[in-house]
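Notes for the one structure printed next.
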Amino acid sequence: MYGIYIHIPFCIRKCPYCDFYSVPKESDLCSRFLNALRNEILSFDPVEADTVYFGGGTPSLLTPDEISDIISLLREHNRITEDAEITMECNPATVDVDQLRGFREAGVNRLSIGCQSFQPDLLSHLGRMHSADEAKQTVQDAKEAGFSNISVDIMLGIPYATPNTTKADAEIALSLGIQHVSAYLLKICEGTPFSKGVPGIPSDDVQADCYKVFCDAMKSGGMHQYEISNFAVPGYESRHNLKYWECGQWLGLGPAAHMSTGKYRASFPGNINIFLDRFENGPAEDPLRYFRYEGHVDGDEYIIMGMRTDSGISRSVLKERYGQEFTKDQEEFLAQCEQHGLIEQDSDTVRLTGEGYLLSNSILSELI
Ligand code: SF4
């Protein structure tokens, strides 16, 4: 079963740490993009899909009618299951209750709100456009608009963050009555203003403490950590994102979108002009030829992605699906990790423990 990811490449302005592809939204460019997106949807053979994910960029800059048109076309052209999870990323202060109600009526049934922090000073260090109150208000508005599956993004390791501010963010997120939290560490990406130097970045040790404090707070609040950076009320795990971690299949539409056939990964260039050039004049006969090959999905990829989840990986899946088995050296290394409480394993599954998550990069690079 496929997922469908759609990259909406517009933002009001660029956040200084962000390397996701986006450009300012201008109405002429947006309508040309939507026309090209329609053509791209029609270019691919129909798939059976049970998730749709509008990411970006800032998808909430589109109108409910525009989102509704995209969902309708996806449903006409593909076989989208009745109970499909349809997620839209949304930034605080870009929407009001009426727009959110419109997105709900358009068929969006899960919102992922980019709050990042509820501490006013940390938000300004991060260069976000919205205030802490606006972030909380957007969550309340989403509930009022009828959303009952809401995720909040929190960023860890923000300049001047401490375990105390992190705990406060976790507690505020939990108090909002949401169903899901994603908590990723700030990554300093090349080419961004932050890569030229930013004061106040917490040390590695403080970042590790922040992560631990956050995980503990989520657990106390009844959230299940089902992936290294993701927490959910049981039953509200992101079905779309699980396809990434389980090496599943998804179509990627729009500039900078990544996709996977389950056998190999590919991406479209992060450039709206190339996207318009390829799809503005009608559906393409062989759309995949415009994608860049990003590598084969093999057993190592399955291990790297699967070990992020609390289900871990299965030796039998590794063998049957990828024809791969752990070598004697790898089995010895896993046994050592188990002795140190970093992994748990039985005859089939191998998974990281909470302590193991903290050292996941070193464990996985040693293992692979
Ligand atoms: S709103 Fe999101 S996608 Fe847009 S620039 Fe900021 S972090 Fe990047």
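The values are calculated or read from the model by the stated rules, or taken from the named source; none is laboratory data. Since the structure is predicted, the reported quantities are computational estimates derived from the model, not experimental observations. Positions of Cβ are backbone-derived with ideal geometry, glycine not excepted, and every protein chain shown enters the neighbour counts.
Observations
- Exactly one residue among G282, G299 is over 19 Å from the mean Cα position of the chain (by Cα) and surrounded by fewer than 17 Cβ atoms within 10 Å (Cβ to Cβ), and that residue is G282.
- Count - residues of region 191-218 that are in a loop (DSSP other than H, G, I, E, B) and either surrounded by fewer than 16 Cβ atoms within 10 Å (Cβ to Cβ) or of a type in the set (V, I, T) (or both): 8
- The lone exception for E89 - which of (1) among the acidic types (D, E); (2) more than 13 Å from the ligand (Cβ to nearest atom); (3) in contact with a helix residue (DSSP H, G or I) (Cβ under 9 Å, 6 or more places away or on another chain) it fails: (2)
Condition check ((1) within 23 Å of the chain's Cα centre (by Cα); (2) of a type outside the set (D, E, K, R); (3) within 17 Å of Y2 (Cα to Cα); (4) surrounded by 23 or more Cβ atoms within 10 Å (Cβ to Cβ)) across all residues:
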residue: E66; (1), (2), (3), (4): yes, no, no, no
residue: L73; (1), (2), (3), (4): no, yes, yes, no
residue: H77; (1), (2), (3), (4): no, yes, yes, no
residue: N91; (1), (2), (3), (4): yes, yes, no, yes
residue: A106; (1), (2), (3), (4): yes, yes, no, no
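- Residue match in region 20-42 (condition: surrounded by fewer than 21 Cβ atoms within 10 Å (Cβ to Cβ), within 24 Å of I172 (Cβ to Cβ), within 16 Å of the ligand (Cβ to nearest atom) and not small (G, A, S)): no
- Cross-chain or 6+ apart pairs with Cβ under 7 Å, region 270-287 first and at positive phi, then at pLDDT 95 or above and surrounded by fewer than 19 Cβ atoms within 10 Å (Cβ to Cβ): G282/N39
- Looking at region 248-337, the helices (runs of 4 or more DSSP H) lying wholly inside it that each contain 1 or more residues that are under 24 Å from D50 (Cβ atoms) sit at 299-306, 315-322.
- Each residue in region 1-19 was checked for being in a loop (DSSP other than H, G, I, E, B) and surrounded by 19 or more Cβ atoms within 10 Å (Cβ to Cβ), and 3 pass.
- Those residues of region 127-158 which are away from the ligand (no atom under 16 Å from the Cβ), touching a residue at least 12 places away in the same chain (Cβ under 8 Å) and surrounded by fewer than 18 Cβ atoms within 10 Å (Cβ to Cβ), in sequence order: Q137, Q140, K143, E144, G146, S148
- Search result, residues across region 43-79 that are over 23 Å from R239 (Cα atoms) and within 16 Å of the ligand (Cβ to nearest atom): L61, L62
- Selection status of Y184, in contact with a strand residue (DSSP E or B) (Cβ under 7 Å, 6 or more places away or on another chain) and of a type outside the set (A, V, I, L, M): yes
- Check on V52, in the same structural domain as K196 (by TED's automatic domain parsing), aliphatic (A, V, I, L, M) and crowded, with 22+ Cβ neighbours inside 10 Å: yes
- Subset of region 159-185 [surrounded by fewer than 17 Cβ atoms within 10 Å (Cβ to Cβ), outside any helix (DSSP H, G or I) and of a type outside the set (A, V, I, L, M, F, W, C)]: Y160, T162, G177, Y184
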